[in-house]
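The next block holds one structure in the form of structure tokens; read it before the comments.
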Amino acid sequence: MKRQLPVCTLLLFAALAAMPSASAQAQLRYVLTEGSAFALDGSTALGSFSCHSYRASGSADVSAGGTANAALSVPVEAFDCGNGRMNRDLFGALRGDEHTHIRFVLDRAETGIETNSWMDVRVWGTLTLAGVDRPIQVDAQGHRENDRVRLRGQRVVRMTDFGIRPPSGPLGLIRAHDAVTVRFDLTARIDGAP
């Protein structure tokens, strides 16, 4: 049986609110930990690429009643594709000089069945890329252990849905395909916990 949470927060912190808590406290503040990771994976006619970021910021106040107030963002400049030219192309395609962060704002979340200590989490919200907002649904898995929560998942998006022209090489001979996979593996801890 699924439980629906009508919250307006961000991806990770929606999962925190949706997942059963061992704590009976009225409200907890969670913060993202170092090492939380995001990736953008795509392909061209010549092969694939993967751009990674380990810089994200965010915090959430989660109430025992299942609501949360949160903020989460990833700086566009923090993505590293392992190639300086690709880094510049990605930054340009995402219009990083004007829109410095990728954001996700949650509308609601549901949890599903727990398997091997991981719980299915489905969230709906708004993803902002290159300054363009689009509604999106993301399926993920969450895991709670003591004062930490981990959330991992992925979602394929089309760059053109966000007004992004897929990057291309010199003379336009090599162009990235429109579909990219946004992957995340996030960990948050109760604020003040080691």
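The values are calculated or read from the model by the stated rules, or taken from the named source; none is laboratory data. Remember, predicted model here, so these are calculated numbers, not experimental data. Cβ atoms come from the backbone with ideal geometry, glycine included; neighbour counts cover every protein chain shown. When the accessible area is computed, the model is the full protein with side chains, heavy atoms only, and any ligands, DNA or RNA have been set aside. Shrake-Rupley method; radii C 1.70, N 1.55, O 1.52, S 1.80 Å.
Odds and ends about this structure:
- Comparison of Ile136, Ile164 shows that the only residue that is within 17 Å of the chain's Cα centre (by Cα) and either at pLDDT 90 or above or open to solvent by 40 Å² or more (accessible area, probe 1.4 Å) (or both) is Ile136.
- Residue check for Asn116: closer than 26 Å to Asp61 by Cβ and over 12 Å from the mean Cα position of the chain (by Cα): no
- When Leu151 is tested against (1) open to solvent by less than 20 Å² (accessible area, probe 1.4 Å); (2) farther than 19 Å from Ala56 by Cα, just one condition goes unmet, and that condition is (2).
- Candidates in the range 24-60 are the residues that are surrounded by 12 or more Cβ atoms within 10 Å (Cβ to Cβ), more than 21 Å from Gln141 (Cβ to Cβ) and among the polar types (S, T, N, Q); of these, the one that is modelled with the highest pLDDT is Ser43.
- Taken over the range 70-113, the criterion of being of a type in the set (Asp, Glu) and either open to solvent by 70 Å² or more (accessible area, probe 1.4 Å) or within 13 Å of the chain's Cα centre (by Cα) (or both) is satisfied by Glu77, Asp80, Asp97, Glu98, Asp107.
- Verdict on Thr126 being β-branched (Val, Ile, Thr) and open to solvent by 50 Å² or more (accessible area, probe 1.4 Å): no
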